[in-house]
Amino acid sequence: MQITVIGCGYVGLVTAACFAEMGNRVACVDTSAERVEALHRGISPIFEPGIEALLQTNHAAGRLTFSSQLNPVLRNSEVVFIAVGTPSAADGSADISQILEVAAQLGCSLESPTIVVCKSTAPVGTACRVQSILDQHCQRRGMNWRHSVVSNPEFLKEGAAIDDFMRPDRIILGAEDVSAERTMRRLYEPFVRNHDRILCMPRRAAEMTKYAANTFLATKISFINEVANLCESLGVDVEEVRKGIGADPRIGHHFIYAGCGYGGSCFPKDIRAMLHMAQEREMQLPILQAVEARNQAQKTWPMRMLRKLYSEGVAGKTVAIWGLAFKPGTDDIRDAPSRVLIEGLLDLGARVQAFDPIASENIAKAYPEAVARGQLRLFSDPYAVLNDADALALITEWKQFRQPDFALMARLMREPVIVDGRNQYDPAVLGTFGFRHVGVGRVPMDSPAPLLRKVV
């Protein structure tokens, strides 16, 4: 098929590259001429494992092109995907102004009936608003046909987006007419040949499905973190509880790992948008309000543990941090728990030494003054941050942190203390190396470091 994808961001590029990989001819359009020029040179503006190879291969084969001009690429397009940003507004609502602006541009430019697909995450009713805008332009231009608008939400995990797209567990199509549904099914058939995972429903239901899925997963995370906090006070190891409840197939093991909170561009934004949708209808969603509140509190867990460990205060202490991105496999630091810890430490006069395989540059841009005065130092080696550190906080569970050299770590650090924000380590193993381990909802072990008081 001839496809146009508007928006060369995270969702847009993954969508375009994967459709091109299946043999379609895809044109990517973005308003940033600088971004388009970089893409022509094979440089991706986003970090996602495997994305640059896909972009370069399909661009070289002529199946994938990039442009900053919309009208020329629309002439032969059968399907147009809208994949622009929908950031959170000040009131928590999703800002869909870019979607509506693109819809108006399409209404002025499309010369034949076209399927317009809303790929961006947007509140219930957005696809209907796009349909209305397109219909109005058709009437104004004297055209006796209408475009078909489809809601096709994405379910891509940062760090595994290409695999998610190429081998989806489900594809949601919100379509109001049979012809558009049939075309979209044909477009997605190569991705689901072994098992039909395409679910068709009305557009509003498709939009709601996206929000319901993300907010439910966020709820599981906040639930186990709530349980972990109670476990801490009762002397119960949440890891044992996690294994026990996860063995129930109705619950499962996914998304019930206690930690220092979730972040990124999806869960926080989508919960706020869901709450705003309810507020507009004078409704309350107390479960999601609690999910949001628990997560905000959970992000302060590493800082609270450090303050408990050092009753005299953290001013003048050096704290090492492993992991800055909100999750492994990405350089995204939006709403990342690491930022809450960094800001708390800087405010209290501590020194921060941090390492992340990918996200350090973004943190440096976020805190240029702290970097300039040397209060925040970013390293390219994970062990270098441990030199003379009073504690190590593990915030992002990158694979390279799973089996580190504990003996070397103990020699490098001033105090052998690990604040384990992802429950990555076995306290008993760490104890053999002389470490004090503090985990989320874990039963604390007696500290071998006499200067540190026991966490209760």
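Worth a mention:
- Over all pairs of different C-alpha atoms in the chain, the reciprocal of the mean inverse distance, the Kirkwood hydrodynamic radius, equals 24.0 Å.
- Residues of the range 87-204: accessible area per residue with a 1.4 Å probe, Å²: 47
- Cα Rg over Rh - the range 324-389, Kirkwood: 0.93
- Carbon/sulfur fraction of accessible area - the range 91-192, other protein chains in place, 1.4 Å, %: 46
- About the Cα centre, charge dipole magnitude for the chain (Lys/Arg +1, Asp/Glu -1 at Cβ), debye: 260
- With the convex hull of the Cα atoms taken as the outline of the range 35-97, the averaged projected area works out to 6.1 nm².
- For F66, residues with placed amide H under 5 Å, excluding near neighbours: C28
- From phi via Karplus (6.51, -1.76, 1.60), per-residue ³J(HN,Hα) for the range 234-244 in Hz, x at Gly/Pro: 9, x, 10, 7, 5, 5, 5, 5, 4, 5, x
- Put the Cα centre of the range 262-341 next to the Cα centre of the range 37-81 and the gap is 34 Å.
- Beyond 26 Å in Cα-Cα separation lie the following of the pairs K157/K308; K269/K299; K299/K365; K119/K365; K243/K308: K157/K308; K119/K365; K243/K308.
- Among 206-217, 265-276, the order from most to least packed when residues are scored by Cβ within 10 Å on average: 265-276, 206-217
- For the range 250-373, with all protein chains in place and a probe radius of 1.4 Å, 55% of the accessible heavy-atom surface sits on carbon or sulfur.
- The stretch between A293 and D426 holds 45.0 nm of extra length on full extension. This uses 0.36 nm per residue minus the Cα-Cα distance.
- Projected label points at V443 and R41, each 7 Å from Cα along the beta carbon direction, are separated by 5.8 nanometres.
- Here K210 is the anchor, and the aspartates and glutamates within straight C-alpha reach of less than 12 Å, apart from those fewer than 8 places off in the same chain, are E154, D270.
- Expressed to the nearest 5 percent, the antiparallel share of DSSP beta bridges inside the range 1-156 is 5 percent.
- Per-residue HN-Hα couplings for the range 266-277 [Karplus 6.51, -1.76, 1.60; θ = phi - 60°; Hz; x = Gly/Pro]: 9, 4, x, 5, 6, 5, 4, 5, 5, 5, 5, 4
- Helix 178-188 and the longest principal axis of the C-alpha atoms of the chain enclose an angle of approximately 50°.
- Fraction of beta bridges assigned by DSSP in the chain that are antiparallel (%, nearest 5): 5
- For the range 339-429, the orientation-averaged shadow of the C-alpha convex hull comes to 5.8 nm² (one quarter of the hull surface).
- Shape of the range 280-435, Cα gyration tensor, a/c cut at 1.5: prolate
- Taking the convex hull of Cα positions in the range 221-329, its mean projected area over all directions (nm²): 9.6
- Net charge over other residues, Cβ less than 13 angstrom from the Cβ of C138 (K, R count +1; D, E count -1): +1
- Restriction of the chymotrypsin sites (Phe, Trp or Tyr not before Pro) in the range 116-209 to DSSP coil positions whose beta-carbon has at most 15 other beta-carbons within 10 angstrom yields W145.
- Karplus-derived HN-Hα couplings along the range 396-409 (A = 6.51, B = -1.76, C = 1.60, θ = phi - 60°), whole Hz, x at Gly and Pro: 10, 8, 4, 4, 5, 8, 6, 10, x, 7, 5, 5, 5, 4
- Viscosity 1.002 mPa s, temperature 20 °C, Stokes-Einstein D of the range 293-363 from Kirkwood C-alpha radius, µm²/s: 170
- Low-density loop positions, trypsin sites (Lys or Arg not before Pro), the range 97-198 - DSSP coil, at most 10 other Cβ in 10 Å: R193
The values are calculated or read from the model by the stated rules, or taken from the named source; none is laboratory data. The structure displayed is predicted, hence computed values, not measured ones. Methodologically, a virtual Cβ is constructed for each residue, glycine included, from the backbone with ideal geometry; neighbour enumeration extends over all protein chains shown. Remember, those area values only see protein heavy atoms, side chains included, never the ligands or the DNA or RNA. Shrake-Rupley method; radii C 1.70, N 1.55, O 1.52, S 1.80 Å.
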